[in-house]
Amino acid sequence: MSREAACAAVFRFAPSPNGHLHLGHALSALVNADAARACGGKLLLRIEDIDPARCRPEFETAILEDLEWLGIDFERPVWRQSEHLDLHRERFEILERRGLVYPCFCSRATLNRAIAVREAQSGEEWPRDPDGAALYPGFCRDLTANETTARIGAGESHAWRLRVAQASASAGPLAWREHESAEPSSPWSNVAADPLAWGDVILLRRDAPSSYHLAVTVDDAAQDVTQVVRGNDLRAATSLHRLLQKLLALPEPSYHHHRLVLDEDGRKLSKSIASTSLRELRASGMTPLDIRRRVGLCA
C-alpha cells in the first residue's frame, strides 16, 4: 500500500454505552489510535446505542471521559447510531424489495422450547452458529405473503430475518482482507467468508430499530471507514458483514482482528460478567501508561 493510501486510512472505535469500558475496550481503542497515528490516518468514535433498553447517556459520558484519560484523540462530531436509523431502514428496504428478508413471529422462548424438544427427540445438539447460539429452525421462512400481512396488520410482534441461503447464492463466493496488524501497510491474506454458518440472522429486532450486523455494516460505509480493527471475537461475524456489503453494493474495508484480553479464568472480559472497569482501575491509582502495559502494548 502506498504512503498516500495509508494516509487516507479511516479507523473507528465503536463501543456501546451499556456499561463502563474495561481493559478489552482499552486495548481495541489504543490499537486503533496507535495505527491511525502511525499512518497519518483518522480515528472516528461511533457510539453504538441502538439498544434503548440498555444504553444510557451516563455511560456515553463515561466513555468520553475514559478515552480522554487514555489520551486518545478522535475526529468530531461523534457518530451516534441512534441519530442515523434512517440509513439502516433505507438499506433494509433494499433487501426487502429483493425478497431477501421475511418477518419472524417466533419469540425466543418459543424457539428455545422447540429446539429443546428436537434435541430430546434426536439425542443430538441442535446446530449452532459461531457464537454458540442455536440456528433458527426456519419456522416462519415459508409463510405466505397473505399470512404475514395479516399477522403484521393485527399487531403481532415480529422481527425481520435475512434469507441467508438465498442471499449467499445471489452474492456468490466472498472473502475479506485480513491484515496481520492494525496498520494498513501490514501484510494481508484473503479469508473465505461463510455466512451460511449463521443461518437466518435477525436484521431488524422487535425490541430495537436495527441489529448489530445491519447497523455496523451500514455505518462503516456511511462513515467511509477503510480499516475495521476489532477483537477476534467478531472475526466470524465478518462473513455476514461481507455478505451485506455485497448485497447492498457497499465498499469493502480491510480488517484486522486483534487478540482478546482475558481474565484469570481465561474468559473474555465483558460488561455482562462485571469485568473490572477502567474507571475502577483509574480510581485505584493506575495511570494510562499502566493500562498500556496491562494490555500488552509498548509504552
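The figures follow:
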item	result
Packing-based order for 225-232, 91-98, 195-202, 147-154, using average beta carbon neighbours within 10 Å, highest first	225-232, 195-202, 91-98, 147-154
R89 versus E280: modelled label distance in nm, points set 7 Å from Cα along the beta carbon direction	4.0
Burial ranking of peptide ranges 20-31, 247-258, 280-291 (average Cβ count within 10 Å, highest at the top)	20-31, 247-258, 280-291
Along each principal axis, Cα extent of region 186-299, largest first, Å	49, 40, 28
Share antiparallel - DSSP beta bridges, the chain, percent rounded to 5	50
Built amide H within the under 5 Å cut-off of L174, gap 5+	A193
Crossing angle, helix 238-247 versus the chain [Cα axis fit, 0-90 degrees, rounded to tens]	70
Long-range amide H partners of I72 with built H, under 5 Å	none
Calculated from backbone phi, Karplus (6.51, -1.76, 1.60) coupling profile of region 195-212 in Hz, x at Gly/Pro	x, 4, 5, 9, x, 7, 6, 7, 9, 10, 8, 6, 10, 7, x, 7, 10, 4
Directionally averaged shadow of region 40-126, computed from the convex hull of its alpha-carbon atoms, nm²	10.7
Simple label model, 7 Å out from Cα along Cβ direction - R118 to R97, nm	3.4
In region 1-88, trypsin sites (Lys or Arg not before Pro) in a DSSP loop with at most 16 other beta-carbon atoms within 10 Å	R54
Projected area, mean over directions - the chain, Cα convex hull, nm²	17.4
Highest average packing first - 212-221, 158-167, Cβ atoms within 10 Å	212-221, 158-167
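Read-outs throughout are calculated quantities, based only on the coordinates presented, and are distinct from any laboratory measurement. In this text, all values refer to a predicted model and were calculated from it rather than measured experimentally. Glycine gets a Cβ as well: all are built from the backbone with ideal geometry, and neighbour counts include every protein chain shown.
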